[in-house]
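The values are calculated or read from the model by the stated rules, or taken from the named source; none is laboratory data. Note that the structure is predicted; figures quoted are calculated from it, not measured. All Cβ positions, glycine included, derive from the backbone under ideal geometry; neighbour counts span all protein chains shown. Just the protein is used for accessible areas: all its heavy atoms, side chains included, with ligands, DNA and RNA removed. Shrake-Rupley method; radii C 1.70, N 1.55, O 1.52, S 1.80 Å.
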Amino acid sequence: MTDLALDMRGVSKKYRYFTLDKVDLKLPRGQIMGLIGANGAGKSTTIRILMGLVHQDAGEVRVLGHSMPAEQVAAKWDIGFASEDMRLYDSMTLGWHMNFIRSIYSSWDASYAQLLLKRFGLRADQRIKGLSHGQRVKSALLLVLARKPKLLVLDEPTTGLDPVARHEILRELTEVMADEDRSVLFSSHNTQDVEQISDYITFIDRGRIIDSMDKEAYLDRWRRLRLEVPLGIDLPALPGVIGVHQRGRLAVATANAFVPDLANAYESTGARVQCIENMTLEEIFVANVEHSREEVEA
Amino acid sequence: MNGSIIGHLVLKDWRLHRSLILLTLAIGFVALLLAQFGGLALVLGGVWFFVVLCVLGSMLPASTILNERKKQTLAFIMSLPVSSVQYTIAKMLSIWALFLVPWLTLLIFALVLIANGHVVPQGSVPMLLMLAMLPLIGFCLMFSTALVGESEGWLIAASVLCNSSYWLGWYLLARVPSLAANLKAPVAVWNAPAITVLCAELGLIALITGLTLFFQSRKRDFT
């Protein structure tokens, strides 16, 4: 059995106005990966290729050891997929959907389904038509979680939810992820959600993976240095610094491979380091995307 | 794994559309019973009988295939352990059954009424079958267009084409002398033109179905 829940190598898919370009992505079993990208970055295309719903033009995709899309049926028995644009049948009740899923999956856990109904404040006899957006998302998640999949693939599940519904869903996902054998791929453009629950972070922009690594190591690598630069001193380009913005005597350097010696290197040029700040995942994401785009355009 | 996934998908479509089938059957039965009164009622009942089949043939592809895309329930179905080929097979089985059950039931009921009544002579049975095959062909074409074309525009075009062609088909069949001559015969006459027309209609259905499977198997995106 492979140790990877997901393994994408050199995956490309070309559309008229968008290209997914040689994507490499690996998710070890039992880990949670947050896939972050702006709208139209390629998150959903990547996920649809992983699910076998879209066939890649080039490259190899393996999910839970199964080659995709050829072995998608075998793979999908163990994948729970929910996306922001997925809808249930309006004219039927949640209970009807639960019975439908239960009739297919022998892994369906009826008592857990009842527990989720209570936790999410849902009623099995209510028609989908009458549910709010938040209740619909919770219903879709209930149907996925109660069949205990080995891999959860969630495409922007918290988009458009109010803060309370988002909190309820993230809390449930955090509990689900306590199962060490379960792997999760969680896509979002909301960095707060991803930061809260992920072990691994992957940034995607304009169809390219621009970074992918362990979250803690990632957050640790990025720093913002606020500098005071005396007149007549030019700041040198230092390794690990991806951008310096200077206005008058004040400068801000953004480092994507921070080491304590970096501050000493600036001090040695005559600049004074006022402070070294941690960056939020959102700030890192924006800086990373801008840097990546500058590199591509250069 | 609990049973066949194709079976589950077929049953799902049946549960979702049973009210439409029941309504079709109810209108069809009323139309056929009305036709038993003869005269204007026969014309009215006959027209209702064919119209209800034509309407069902147009509604089923829109409701079972395009609505799954439009209302975004296709992603839910495709997240289940099903391939695009299995989805196509399940769709074909369910939608064919959804159409054939009322079509066959109403046709058999019409044949029983003809055999036991005195309003419509038994010589009209071959013509009834040939005419009833036209909504079946139209349904087949609209279903294939919806499945392969995946667009409301294509389905509307196919629907307009079929619904305007039915009347032409019925007019042309009624003008074939060797078919029209036996309409008032006391027993059904299965002559060569009647058999040829029925075989051609069945052949057309087989061709459309084969082409549908061929085009579906070549699709690379299924969302």
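Tabulated data
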quantity: Whole-percent carbon and sulfur share, accessible surface of region A:4-218, 1.4 Å; calculated: 47
quantity: Selected from A:Phe285, A:Phe120, A:Phe203 as most flexible by GNM, with chain A as the system and alpha-carbon contacts under 10 Å; calculated: A:Phe120
quantity: Degrees separating the helix B:5-35 axis from the principal Cα axis of chain B, which is the longest one; calculated: 20
quantity: Antiparallel DSSP beta bridges within the protein assembly as shown, as percent of all bridges there, nearest 5; calculated: 70
quantity: Gap separating the Cα centres of region B:46-91 and region A:249-282, nearest whole Å; calculated: 61
quantity: Hypothetical label at A:His291: residues of region A:170-213 whose amide nitrogen lies under 11 Å (7 Å Cα-Cβ projection); calculated: A:211
quantity: Solvent-accessible area buried by B and A, counting both chains, probe 1.4 angstrom, square angstrom; calculated: 2700
quantity: Average other protein chain Cβ within 10 Å of Cβ, residues A:93-103; calculated: 2
quantity: Ranked by how many other beta carbons lie within 10 Å on average, peptides B:187-200, A:156-169 from highest; calculated: A:156-169, B:187-200
quantity: Rounded to whole Å, sorted largest first: equivalent-ellipsoid semi-axes of region B:5-217, Cα gyration tensor; calculated: 34, 19, 14
quantity: Rounded tilt (10° steps) of B:125-149 against the dominant C-alpha axis of chain B; calculated: 20
quantity: Burial ranking of peptide ranges B:78-85, A:224-231, B:111-118 (average Cβ count within 10 Å, highest at the top); calculated: B:78-85, A:224-231, B:111-118
quantity: Region A:1-104: chymotrypsin sites (Phe, Trp or Tyr not before Pro) in DSSP loop, at most 10 other beta carbons within 10 Å; calculated: A:Tyr17
quantity: Percentage relative contact order, region B:5-217, counting C-alpha pairs under 8 Å, at least six apart; calculated: 26
quantity: Normalised alpha carbon radius of gyration of region A:223-278 [divisor 2.2 N^0.38 Å]; calculated: 0.97
quantity: Ratio of the Cα radius of gyration of chain A to 2.2 N^0.38 Å, where N counts its residues; calculated: 1.16
quantity: For the protein assembly as shown, fraction of C-alpha pairs farther apart than 36 Å, in %; calculated: 48
quantity: Filtered chymotrypsin sites (Phe, Trp or Tyr not before Pro), region B:1-47: DSSP coil and at most 16 other beta carbons within 10 Å; calculated: B:Phe37
quantity: Too-long pairs where the Cα-Cα distance tops 22 Å, listed order kept, from A:Lys43/B:Lys91; A:Lys138/B:Lys219; A:Lys22/A:Lys138; A:Lys118/A:Lys148; A:Lys14/A:Lys43; A:Lys14/B:Lys219; calculated: A:Lys43/B:Lys91; A:Lys138/B:Lys219; A:Lys22/A:Lys138
quantity: Rounded accessible area of B:His17 (nearest 10 Å², 1.4 Å probe); calculated: 20
quantity: Relative contact order [Cα under 8 Å, 6+ residues apart], region A:214-287, whole percent; calculated: 43
quantity: Percent RCO, i.e. relative contact order, over chain A, from Cα pairs under 8 Å lying at least 6 residues apart; calculated: 20
quantity: Formal net charge of residues neighbouring A:Ser183 (Cβ-Cβ distance under 9 Å; K, R +1; D, E -1); calculated: +2
quantity: Average accessible surface area per residue within chain A, 1.4 Å rolling probe, Å²; calculated: 45
quantity: Residue-span extension gain [B:Trp167 to B:Leu207] - 0.36 nm each, minus C-alpha spacing; calculated: 12.2 nm
quantity: Distance between modelled label sites at A:Ser103 and A:Arg9, nm, 7 Å Cα→Cβ extension; calculated: 4.2
quantity: Within the accessible area of region B:5-217 (1.4 Å probe), percent carbon and sulfur; calculated: 77
quantity: Tilt relative to chain A, helix A:163-176 - C-alpha long axis, 0 to 90 degrees, to 10; calculated: 80
quantity: Residues along region B:5-23 losing 10 Å² or more of accessible surface when the other protein chains are present rather than the chain by itself (probe 1.4 Å); calculated: B:Ile5, B:His8, B:Lys12, B:Arg15, B:Leu16
quantity: Counted charge near A:Arg224, where neighbours are those whose Cβ lies closer than 14 Å (Asp, Glu -1; Lys, Arg +1); calculated: -2
